[in-house]
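Visitor: Below is one structure. I have some questions about it.
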Amino acid sequence: MADDPVAPSTPSVSSSSAPLGSSVIPIVNKLQDIFAQLGSQSTIELPQVAVVGSQSSGKSSVLEALVGRDFLPRGSGICTRRPLVLQLLQTKTDKEYGEFLHLPGKKFYDFSEIRKEIQSETEREVGGNKGVSDKQIRLKIFSPNVLDITLVDLPGITKVPVGDQPSDIEARIRTMIMSYIKVPSCLILAVTPANSDLANSDALQIAGNADPDGIRTIGVITKLDIMDRGTDARNLLLGKVIPLRLGYVGVVNRSQEDILLNRSIKDALVDEEKFFRTHPVYNGLADRCGIAQLAKKLNQVLVQHIKAVFPGLKSRISAALVSVAKEHASYGEITESKAGQGALLLNILSKYCEAFCSMVEGKNEKSTHKLLGGARIHYIFQSIFVKSLEEVDPCEDLTDDDIRTAIQNATGPKSAVFVPDVPFEVLIRRQIIRLLDPSLQCARFIYDELVQISHRCLANELQRFPVLRKRIDEVIGNFLREGLEPSETIIGHLINIEMGYINTSHPNFIGGSKAVEIALQQVKSSRVPSTVPRLKDGVVEPDKAPPSEKTSKSRAFLARHSNGFLTEKGARPSGDGEKVAPSGAAANNSSWGISSFFGGSDNRTSAKESSTSKPYNEHVLNTEQAFSTIQLREPPIVLRPSGGCSDQEIIEIAVIKLLLRSYYDIVRNNIKDLVPKSIMHFLVNHTKQEMHNVFIKKLYRENLFEEMLQEPDEVAVKRKNTRETLRVLQQAFRTLDELPLEAESVERGGDPTGLPRMHGMPTSSMYSASSSNDSFSPSPKNPKPRKSSYSGELQVHGNSDSNGNGRPFMPSLYPKLDL
Ligand SMILES: Nc1nc2c(ncn2[C@@H]2O[C@H](COP(=O)(O)OP(=O)(O)OP(=O)(O)O)[C@@H](O)[C@H]2O)c(=O)[nH]1
């Protein structure tokens, strides 16, 4: 470490309490208070000074001397057992007192009471038997004789557990210490007694871990008065044993004997000063000796530090300001007059409606992690409602037997001549009605969404008016329910409309002939080829097929196109195979299908026809003859088509399914389109349009103003508190704005008052301002800085920075100096 170029000055007791830098540091303490009030001390990294070292190395004694008062538990053995956060605040009055965070408002004028309270509070937490805890004790000391800094007294590092201490006490204390000193803004006073080996110093070792570059560690050597005779700490103080960038300061605190004799700190400081002044070795190291020098050094480091962290601090304060101002605004102002109340109510109702519409339209939904408002409505329509409809297979819940039953029911006692459209209509209606429930559910979902949206409207603002909130919720709830009704009615109508007229002329409908054609192909391709024509189940042999004229007719019905005209194709046999091959499986199958439309081969039909074609008397005769021999079984109460499906029926079922699917698609598309439109029209848009009118009608009543605008007591309290916080923050912001000039004056004031310049000041970016001290501070001999070429907003000093490149150094800190 380089020798000090500044002539040593004799330290004096009074200089220990010189308010050096007090124009800067009070802001830090104010900020601490502000953030403590906001309950977020940890959100801002304020410079603190932590005292670390081994047990009984003199940490508390150093702190006490810096404070200038006797108030900390000291002595042999472990004394500091909880971290003590000590905020020193310089006051203008002569009164000195302390105040604990855990005893707000209680002022301790007797410092021995403070010591007792620290001891009691320690014991309250960790008992009386040397237990240690990391729970802070926070204490403010107000005094005219202190530097405005925050100090943290930490438990000393100990190796051997005693009393209630756990076996891993050393590790625990080290972890606790590290939690404070690892914070990059924390300045470390590494206290080592001069009568121990510096190379084995716990303080320097743990400080080195937290601050490997040594840019925020000051070495403090205590007990210089009780070193072995013939030894001294000169080399230690000069950093020749273990170099430290910020250097060392040697101090002499009160001995245990002094404490027992109740020797005052003031006397001790006088003695300390005398000790160093008269000591042949330390005489020449005055700027490294004594509590006063330690105080100055600390303060200068703090000034540099604050400058470096200043921009970050300011932006944090302004962020807090914005959010507190917003909160404050949300509590609104108190309005007494009827006119004022009316205007306020109207304003709230209008804002509510605006907020509702914006949410539905998605204007203010900025979330990137979930869908909100109108986007949810869209999701319900498209991804829930439409998707669910698309997944429905209209034939899913219809067995072939169901269709067969429907066909047989539709043909009544007669046999089917062709596939009648009655079963198709019966079955399609059965499917259409199934669309009603999901459509109504969709409307219900949208209703729920709108209710949710309404709850989110002005949620903060309306906290203040619970009665109004309740009334608004009631009105909007009823109103939405009223809007749901027409939506549900129209949905019912839509389904009824679809059921009321099955429009087989729809251009997208497959039509009978196409359905038969496809059904025949389907049946053909699914049938295993067989060379033997089937003779049962009402299927005739190909050569017994009905006349082709009839075939054409029946086909004409099935193939009737939606426009009602017969197509050429519809009048012809449906497949080439049928014309060409009267024998063979394919041809047979086709003929079964075709012939069945005439019903000539249906075994049921055959039986009936044969029975009805016979003369009556023959019939009676036969019955009489059979009476004694054949007993018919009673028909069961529930009848289903008996036996396996005939080939004709297979085709009929396939045709019906094709028709069902085709028509269902048409209806489904209509419903997919019209249900969301109806809900939007009758519920969503209607709500948006009419909400304001409804509010005015139901809520804007002069006789209700008072009641609705009643606010709970807690809101009044919150308003008052946030106003106070806002005031404090605004004050802090203003103070911060004024800070640069004051910081400048501190810097400028440094040299002329003969302050020692810092040695080993950090060169890292954190403290970069400090290393350029000379480069940007106007010289006392030439105090007027050169005018900036672009100044007007910011004064840029003419001096070059440390690199000599002439760039302004932290210009934001030096506004309008010479204007
Ligand atoms: N002679 C002399 N005694 C000192 C000096 N500094 C501290 N002491 C004594 O050393 C003992 C321990 O001092 P404290 O200040 O309690 O030490 P500490 O590091 O805070 O101790 P713990 O918090 O228990 O770890 C006390 O009896 C002090 O009087 C000094 O510079 N000279």
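Visitor: What about E702, is it more than 30 Å from I377 (Cα to Cα), open to solvent by less than 70 Å² (accessible area, probe 1.4 Å) and charged (D, E, K, R)?
Guide: no
Visitor: Let me ask you something else. Confirm whether S315 is open to solvent by 30 Å² or more (accessible area, probe 1.4 Å) and of a type in the set (G, A, S).
Guide: Answer is yes for this residue.
Visitor: While we're here: Report, by residue number, each residue of the range 228-241 that is surrounded by fewer than 16 Cβ atoms within 10 Å (Cβ to Cβ) and either assigned to a loop (DSSP other than H, G, I, E, B) or within 14 Å of the ligand (Cβ to nearest atom) (or both).
Guide: Matches in the range 228-241: D228, R229, G230, T231, K240.
Visitor: Here's a follow-up. Pairs, please: C-beta under 7 Å, at least 6 apart or cross-chain, first residue among the polar types (S, T, N, Q) and in the range 516-536, second at pLDDT 50 or above?
Guide: Q522/A654
Visitor: Something else now. Among the residues of the range 489-530, what is the count of those that are over 19 Å from Y664 (Cβ atoms) and of a type in the set (V, I, T)?
Guide: 4
Visitor: In the range 251-270, how many are assigned to a helix (DSSP H, G or I) and either in contact with a Pro (Cβ under 6 Å, 6 or more places away or on another chain) or surrounded by 15 or more Cβ atoms within 10 Å (Cβ to Cβ) (or both)?
Guide: Residues meeting the conditions: 5.
Visitor: Give the number of residues within the range 705-734 that are in contact (Cβ under 8 Å) with a residue 60 or more places away in the chain, closer than 27 Å to S454 by Cβ, open to solvent by 70 Å² or more (accessible area, probe 1.4 Å) and not basic (K, R).
Guide: Count: 3.
Visitor: If you don't mind, there's one more thing I want to ask. Please specify each residue of the range 83-114 satisfying the condition of being within 14 Å of the ligand (Cβ to nearest atom) and at pLDDT 90 or above.
Guide: P83, L84
Visitor: Right, here's the next one. I'd like the residue in the range 76-90 that is surrounded by 15 or more Cβ atoms within 10 Å (Cβ to Cβ) and in a loop (DSSP other than H, G, I, E, B) and, out of all such residues, is nearest to the chain's Cα centre (by Cα). Reasoning before the result, please.
Guide: We begin by selecting, within the range 76-90, every residue surrounded by 15 or more Cβ atoms within 10 Å (Cβ to Cβ); these are 78-90.
If we keep only those that are in a loop (DSSP other than H, G, I, E, B) too, we end up with 78-83.
Values: I78: 45, C79: 45, T80: 41, R81: 39, R82: 36, P83: 34 Å.
Looking at the filtered set, the residue picked out is P83.
Visitor: For R216, all conditions in the list (1) surrounded by 20 or more Cβ atoms within 10 Å (Cβ to Cβ); (2) within 15 Å of the ligand (Cβ to nearest atom); (3) within 23 Å of A295 (Cβ to Cβ); (4) of a type outside the set (S, T, Y) hold save one; what is the number of the exception?
Guide: Single failed check for R216: (2).
Visitor: Filter the range 150-190 down to the residues that are of a type in the set (A, V, I, L, M, F, W, C), more than 10 Å from V49 (Cα to Cα) and part of a loop (DSSP other than H, G, I, E, B), then identify the one that is farthest from the ligand (Cβ to nearest atom).
Guide: It comes out as V183.
Visitor: Another question about this same structure. When you go through (1) of a type outside the set (V, I, T); (2) surrounded by fewer than 21 Cβ atoms within 10 Å (Cβ to Cβ); (3) more than 19 Å from N299 (Cβ to Cβ) one by one for L154, which number turns out not to apply?
Guide: So the condition that L154 fails would be (2).
Visitor: Taking the range 265-278, which residues are within 11 Å of the ligand (Cβ to nearest atom) and either in contact with an Asp or Glu (Cβ under 7 Å, 6 or more places away or on another chain) or over 11 Å from C289 (Cα atoms) (or both)?
Guide: Listed by number, the residues that qualify are A268, D271, F275.
Visitor: Every residue in the range 120-142 that is part of a strand (DSSP E or B), buried (at least 21 other Cβ atoms within 10 Å of the Cβ) and either touching a His at 6+ places or on another chain (Cβ under 6 Å) or modelled with pLDDT under 90 (or both), please.
Guide: Residue satisfying the conditions is I141 alone.
Visitor: Consider E99 carefully, then state whether it is part of a strand (DSSP E or B) and open to solvent by 30 Å² or more (accessible area, probe 1.4 Å).
Guide: Against the criterion (part of a strand (DSSP E or B) and open to solvent by 30 Å² or more (accessible area, probe 1.4 Å)), E99 qualifies.
Visitor: What pairs come up if the first residue lies in the range 48-69 and is farther than 23 Å from D211 by Cα, the second is near the ligand (Cβ under 9 Å from one of its atoms) and open to solvent by less than 10 Å² (accessible area, probe 1.4 Å), and their beta carbons are under 6 Å apart, counting only those six or more places apart or on different chains?
Guide: E64/L72
Visitor: What's the number of the only condition in (1) among the polar types (S, T, N, Q); (2) touching a helix residue (DSSP H, G or I) at 6+ places or on another chain (Cβ under 7 Å); (3) within 16 Å of the ligand (Cβ to nearest atom) that N262 fails to meet?
Guide: (2) is the only condition that N262 fails.
Visitor: Still on this structure, please answer the following. Being outside any strand (DSSP E or B), within 11 Å of the ligand (Cβ to nearest atom) and surrounded by fewer than 23 Cβ atoms within 10 Å (Cβ to Cβ): is that true of N209 here?
Guide: When the stated conditions are applied, N209 does not pass them.
Visitor: In addition: Can you pull out the residues in the range 185-206 that are within 39 Å of the chain's Cα centre (by Cα) and buried (at least 19 other Cβ atoms within 10 Å of the Cβ)?
Guide: Scanning the range 185-206 gives C186, L187, I188, I206.
Visitor: Count, please, the residues in the range 33-75 that happen to be away from the ligand (no atom under 11 Å from the Cβ), part of a helix (DSSP H, G or I) and at pLDDT 60 or above.
Guide: Here the count works out to 2.
The values are calculated or read from the model by the stated rules, or taken from the named source; none is laboratory data. Only a predicted model underlies this, so the values are computations on that prediction, with no experimental measurement involved. Here the Cβ is made from the backbone with ideal geometry for all residues, glycine too, and neighbour counts use every protein chain on show. To get the accessible areas, we keep the full protein, side chains included, count just its heavy atoms, and leave off ligands, DNA and RNA. Shrake-Rupley method; radii C 1.70, N 1.55, O 1.52, S 1.80 Å.
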